[in-house]
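Notes follow once the structure below has been shown.
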Amino acid sequence: MNKDRLLTITALILGAAATRLLPHPNNVTPITALAVFGGMCCRQRWAAFALPLGAMLLSDCLIGFHALMPVVYGSFAVVVALAASQKQRHTPMRVALTTASGSVLFYLTTNFAMWTISEVYPRTAAGLFNCYVMGLPYLRNGLLGDLAYSGVLFGMFALLVHRYPQLRDTAPATA
């Protein structure tokens, strides 16, 4: 295991998660970007899940919890797994597509959960449709934020790997 690489990835993930504590437009946060970055860059499967989920949990301890947290963390874990399946081939296009897919997955699952637990939307097809329509501004913001944060995370990491060759990934993936 390359400890320098793992420490660098950890620092980037914690730094990105800390931005959730700063003022920002609704849903312009690094949530999906953290999952994609952790999934694609961590060779150890445990770290791919533990680092981004742990960083989210730390920031949520300060921000607060809500009824949709199991769905949020579940969709977050699915995005980590999706990104981990792409780790051998993470090109800028794959990063962007995985990030966009993760953002859409997050939107679909959290809005569906909101429709099921909320009293705001009737439990009808029209109510579900309305819930998704009302969530479109959040999807737009989430997608823009996730793509921007993915670009920053992967870009910073690429610059660091270029500057410090010892950060290169040379070990086989482990469980």
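Do the conditions hold for residue 34, that is, is it touching a residue at least 60 places away in the same chain (Cβ under 8 Å), in a helix (DSSP H, G or I) and closer than 20 Å to residue 143 by Cβ? When the stated conditions are applied, residue 34 passes them.
Inclusion of residue 137 among residues that are free of Cβ contacts under 8 Å to residues at least 12 places away in the same chain and within 26 Å of residue 68 (Cα to Cα) is not warranted. Of the numbered criteria (1) closer than 26 Å to residue 80 by Cβ; (2) surrounded by 14 or more Cβ atoms within 10 Å (Cβ to Cβ); (3) not polar (S, T, N, Q), the one residue 128 fails is (1).
Each row is one residue, and each column tells you yes or no for (1) crowded, with 22+ Cβ neighbours inside 10 Å; (2) among the hydroxyl-bearing types (Ser, Thr, Tyr); (3) over 10 Å from the mean Cα position of the chain (by Cα).
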| site | (1), (2), (3) |
| --- | --- |
| 32 | yes, yes, no |
| 37 | yes, no, no |
| 54 | no, no, yes |
| 66 | no, no, yes |
| 91 | no, yes, yes |
| 99 | yes, yes, no |
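Taken together, the values in this text are just the output of simple stated rules run on the coordinates, not laboratory data. The model shown is predicted, which means the values in this text are computed figures rather than measured ones. Cβ coordinates were reconstructed from backbone atoms using ideal geometry, including for glycine residues, and neighbour counts include every protein chain displayed.
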